[in-house]
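What follows is a set of notes on a single structure, which appears directly below.
Every read-out reported here was derived from the displayed coordinates using simple, explicitly stated rules and does not represent laboratory data. Just so we're clear, the structure is a prediction, and the values are computed from it rather than from any experiment. When we count neighbours, we look across all protein chains shown, and the Cβ atoms used for this are built from the backbone with ideal geometry, even at glycine.
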Amino acid sequence: MTVGIAILRAVVGGLFIGHGLQKLNGWFGGYGIEGTGGWMESVGLYPGKHHATAGGLAEAAGGAMLVAGLGTPAATAALTAVAAVLVARFLPGRKAAGVGRSRFDDHASTVSEQG
């Protein structure tokens, strides 16, 4: 089971690192701070560059911490915070639990419970 958890940490953490670097540096087909910040402003998150930087840092650092196995509660809190902004912005009127619960809420809960 320990090997399975290590593999899960590496895969999930690696995906978050890549997604964060898309926002920060434009790597892996991303748009960097400028492009991501512009998109964030277009969906109502102002100032866009600050949101892009915060989201990118949270994803890249949180993913790296998961891969390294360091500070798992802090890593999952950072990743959950990014997901919470997504839920609050794009799923208005949805409840986090109970009636109206979305599949995304289930995934976010699973990630936060891994700590």
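For the stretch 11-60, a residue qualifies if it is among the acidic types (Asp, Glu) and touching a Leu at 6+ places or on another chain (Cβ under 9 Å), and exactly one does: Glu59. Do we have any residue at all in the stretch 29-37 that's outside any helix (DSSP H, G or I) and either surrounded by fewer than 18 Cβ atoms within 10 Å (Cβ to Cβ) or not hydroxyl-bearing (Ser, Thr, Tyr) (or both)? Within the stretch 29-37, one or more residues are outside any helix (DSSP H, G or I) and either surrounded by fewer than 18 Cβ atoms within 10 Å (Cβ to Cβ) or not hydroxyl-bearing (Ser, Thr, Tyr) (or both).
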